[in-house]
Amino acid sequence: MSLDNNLIKKFGNNLSENVNLSNYSWFNLGGKAEYLFKAKDKNQLLEFLKEAKQQNLMITILGAGSNTLIRDNGVKGAVVKLGKNFSFTKLIDKNIIEVGAATLDRNVANFAKENNLSNFEFLSCIPGSIGGAIVMNSGCYDDDISKILISIKAIDKNKLTEIEIKKEDIKFSYRGSNLSENLIFISAKFKGSFDKKDKIEKKQLALKKKKKKSQPSQIKTCGSTFKNISKDKKAWMLIKEAGCNDLKEGDAMISPKHCNFFVNDGNAKSSDIENLINKVKKKVYEKTGANLELEIKIIGE
Ligand SMILES: Cc1cc2nc3c(=O)[nH]c(=O)nc-3n(C[C@H](O)[C@H](O)[C@H](O)COP(=O)(O)OP(=O)(O)OC[C@H]3O[C@@H](n4cnc5c(N)ncnc54)[C@H](O)[C@@H]3O)c2cc1C
């Protein structure tokens with residue numbers, strides 16, 4: 001669909017047409033967005049959502065793209081990214097911090113460390129933004145976002161209202177929650193516990209070292225492709241058991257270091273990654289009876 005020219009003019013440089021999305025996913029893959037809207041601030045976001053609703057424009061929100069495969073034929077409607085004003089860290093009470101949803105997880109971990117606040121160390125190992133971390137209930141080594149969360153501020157893209165949701169009113173699960181898909185998270189409050197800065201730094205470094213040892217880095221991937229079935233039935237174990245480690249589809253391959261990490265090894269297409277996913281899922285089911293569920297999100301046509 002095409003938006004009227006007045007609208008394009010109204011949002012100026014923040015709204016672009018036919019934008020290649022490959023730079024917006026860690027797979028470095030994906031077709032074009034019909035529209036890409038980079039929201040300057042909350043008011044502009046609300047204004048855009050209002051116009052989008054009137055014109056029946058589909059809205060897809062993207063964070064840092066470290067958990068999202070974008071299909072080759074692109075995304076219909078508007079892909080929304082939160083701009084710089086949504087990236088901030090604030091100490092609002094002795095041990096409580098408020099952060100914008102576009103803030104990178106590692107910046108939140110470092111801000112907490114600078115303020116002698118512990119329990120945020122795991123965020124230094126996760127390459128996404130806080131918005132994505134809330135949707136995914138991201139975590140590692142027995143910690144996850146739900147354990148430090150106090151509340152979230154969000155805009156409901158249908159009702160066009162801002163709401164604050166308390167953690168007690170959210171049901172978090174492993175890599176998910178019951179939060180509505182209509183919500184665009186704009187900020188969140190977290191609580192830490194006091195500790196010495198050098199102790200926090202040591203914990204951060206230890207976690208990063210542990211991750212580096214077991215997972216590949218400097219590759220085009222979105223991390224774990226499938227969710228673990230349980231603590232003793234990890235996705236990588238089932239993939240290995242089913243003999244899928246060496247499977248390839250075009251330039252889509254499985255990381256030799258961690259077989260739940262699927263990789264664009266140069267010139268893969270998104271369809272190669274998706275075909276590889278389906279192939280592995282089928283083989284794992286046939287061999288082990290386990291039904292692997294995707295951890296990564298797939299968007300587009
Ligand atoms: C090398 C590597 C290692 C990783 N290690 C881990 C790990 O240890 N633990 C872990 O949990 N994950 C890990 N991941 C996966 C990924 O980093 C996390 O899922 C991360 O939290 C995703 O954040 P993002 O901003 O990149 O989300 P995106 O990929 O941009 O989006 C993910 C989902 O969140 C939604 N979303 C994003 N922002 C918002 C918002 N503001 N409001 C509403 N919805 C939003 C999107 O629509 C999408 O559905 C890893 C990924 C990589 C590449």
If you take the alpha carbon radius of gyration of segment 161-301 and divide it by 2.2 N^0.38 Å, what ratio comes out, to two decimals? 1.28
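Between beta-carbons, use under 10 Å as the cut-off and find the net charge around Asn73, counting Lys and Arg +1, Asp and Glu -1. List each step's numbers first, then the result.
Values: positive: Lys32, Arg71, Lys76; negative: Asp72, Glu301.
Residues close to Asn73 contribute a combined charge of +1.
If you average over every viewing direction, what projected area does the convex hull of the Cα atoms of the chain give, in nm²? Before the final figure, lay out each step's value.
Working: hull surface 63.0 nm².
Mean projected area of the Cα convex hull: 15.7 nm².
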Just to check I understand the Karplus step: with θ = phi - 60° and J = 6.51 cos²θ - 1.76 cosθ + 1.60, what whole-Hz values come out for segment 77-94, glycine and proline as x? x, 10, 8, 10, 10, 8, x, 4, 5, 8, 10, 8, 10, 9, 8, 9, 7, 3
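Can you pull out the trypsin sites (Lys or Arg not before Pro) in segment 234-288 whose DSSP state is coil and whose Cβ has at most 15 other Cβ atoms within 10 Å? Mind dumping the intermediate values first?
Numbers: sites: Lys234, Lys240, Lys248, Lys257, Lys269, Lys279, Lys281, Lys282, Lys283, Lys287; in loops: Lys234, Lys257, Lys269.
Listed in order of number, the matching sites are Lys257.
Pick out, in residue order, every one of the chymotrypsin sites (Phe, Trp or Tyr not before Pro) in segment 55-160 that is DSSP loop and has at most 16 other C-beta atoms within 10 Å; say none if there are none.
Hits after loop and neighbour filter: Phe88, Tyr141.
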Where only protein heavy atoms count, and the probe is 1.4 Å, what is the accessible area per residue for the chain in Å²? 50 Å²
Starting from the Cα of Ser180, step 7 Å along the direction of its Cβ; do the same at Asp142; then give the gap between the two resulting points in nm. 3.7 nm
Counting only residues 5 or more places away or on other chains, whose amide H sits under 5 Å from the amide H of Ser187 once H atoms are built in the peptide plane? Ala101, Lys153
Kirkwood Rh, Cα Rg: Rg to Rh for segment 7-48? 1.04
Just the accessible area for Asp105, please: 1.4 Å probe, Å², rounded to the nearest 10? 0 Å²
For the residue pair Asn245 and Lys287, what label-to-label distance in nm results when each label sits 7 Å from Cα along the Cα-to-beta-carbon direction? 1.0 nm
Residues whose built amide H sits under 5 Å from the amide H of Lys32, excluding neighbours closer than 5 in sequence, are Leu21, Gly74, Val75
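Translational D (Stokes-Einstein, µm²/s) of segment 9-132 at 10 °C and 1.306 mPa s when Rh comes from the Kirkwood sum over C-alpha pairs? Could you put the intermediate results ahead of the total?
Numbers: Rh = 15.6 Å.
Translational diffusion coefficient: 102 µm²/s.
Roughly speaking, what % of Cα-Cα pairs in segment 88-164 are separated by over 17 Å, rounded to a whole number?
Numbers: 1252 of 2926 pairs.
Tail fraction, whole percent: 43.
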In segment 1-113 the DSSP beta bridges are antiparallel at a rate, in percent to nearest 5, of 50 percent
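The values are calculated or read from the model by the stated rules, or taken from the named source; none is laboratory data. Since this is a predicted model, take the numbers as computed values, not measurements. Heads up, the Cβs are rebuilt from the backbone with ideal geometry, glycines too, and the neighbour counts pull from every protein chain shown. Side chains are part of the model used for accessible areas, which takes the heavy atoms of the whole protein and leaves out ligands, DNA and RNA. Shrake-Rupley method; radii C 1.70, N 1.55, O 1.52, S 1.80 Å.
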